[in-house]
Amino acid sequence: MMTASGFPVHFSLVRTTDATVEPLTTTEAKLFLRVDSSDDNDLIDALVKAARQKVENDTNLALTTQTWSLSLDVAPTGGAPIVVPIAPLATVTSITQYAADDTSSVVSTDVYRVDTASKPGRIVLQENQSWPSGLRPQTALVVVFTAGHGATSASIPAALVTAVRLLVAHWYANREAVAIGGFNAVNVPLAYDALVAPYKVAS
């Protein structure tokens, strides 16, 4: 992660609550796969989840609503914003600061405002405010936030849902890396990159 001033900031990012809604239901995935039997339902559901997570990892997106924790070792300097590396940013639940003696307190919402329009989203200082100082050197600030296009699969861009479909179909048909005609192994469909490329967010 880089601050707006160009200096790197060490951070850690943990998904604390995964999505409860996948881009495809079991029925929708089976319809695309032309599978009538229920024998592979668990496998298909697992492939949908894995495909969703691959799309998210490749784009720095959350497809549907999820909760994350972002830990920064230092607060931004010079009035720079906190850039939230998972998009689209929906809400900031809290920002907790940890003093040098390890005591914690919640940063007042009067100090900052949340910019959800930008991708990636930002947490920006209000006028005449500053980020806290005198913090401990590790995990100084912890931002709890939600990200995602919405609570339902209908809110996900169609191209990303299609990318999930292609991955599921490819993985379902090919249970291991595919080598065709002596060429290198192909792990994802050729159209995948074209579908996700416009949605990638810089971390």
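The values are calculated or read from the model by the stated rules, or taken from the named source; none is laboratory data. Since we're looking at a predicted model, the values are computed, not measured. For neighbour counting, all protein chains shown are included, and Cβ atoms are generated from backbone atoms with ideal geometry for every residue, glycine included.
What number of residues in the range 60-82 are over 13 Å from the mean Cα position of the chain (by Cα) and either at positive phi or in a strand (DSSP E or B) (or both)?
Selection size over the range 60-82: 5.
Which of the numbered conditions does PRO157 fail, given that it passes all the others? Conditions: (1) touching a helix residue (DSSP H, G or I) at 6+ places or on another chain (Cβ under 9 Å); (2) in contact (Cβ under 8 Å) with a residue 60 or more places away in the chain.
All conditions are met except number (2).
Would you say THR103 is among the β-branched types (Val, Ile, Thr) and crowded, with 17+ Cβ neighbours inside 10 Å?
No; evaluated as a whole, the condition is false for this residue.
From the residues in the range 66-89 that are in contact with a Ser or Thr (Cβ under 6 Å, 6 or more places away or on another chain) and either at pLDDT below 95 or closer than 16 Å to VAL124 by Cβ (or both), which one is surrounded by the fewest Cβ atoms within 10 Å (Cβ to Cβ)?
GLY78
Within the group ARG165, ARG175, ARG113, which residue is within 19 Å of ALA50 (Cα to Cα), at pLDDT 95 or above and over 15 Å from the mean Cα position of the chain (by Cα)?
Result of the check over ARG165, ARG175, ARG113: ARG165.
Within the range 107-120, can you find the residues that are hydrophobic (A, V, I, L, M, F, W, C) and surrounded by 10 or more Cβ atoms within 10 Å (Cβ to Cβ)?
VAL107, VAL111, VAL114
Tally the residues that are hydroxyl-bearing (Ser, Thr, Tyr), outside any loop (DSSP other than H, G, I, E, B) and under 27 Å from HIS149 (Cα atoms), restricting the search to the range 91-135.
Residues in the range 91-135 being hydroxyl-bearing (Ser, Thr, Tyr), outside any loop (DSSP other than H, G, I, E, B) and under 27 Å from HIS149 (Cα atoms): 5 in total.
Going residue by residue through the range 126-148, is there one that turns out to be closer than 28 Å to VAL188 by Cβ, surrounded by 15 or more Cβ atoms within 10 Å (Cβ to Cβ) and in contact (Cβ under 8 Å) with a residue 24 or more places away in the chain?
Scanning the range 126-148, I find at least one residue that is closer than 28 Å to VAL188 by Cβ, surrounded by 15 or more Cβ atoms within 10 Å (Cβ to Cβ) and in contact (Cβ under 8 Å) with a residue 24 or more places away in the chain, so the answer is yes.
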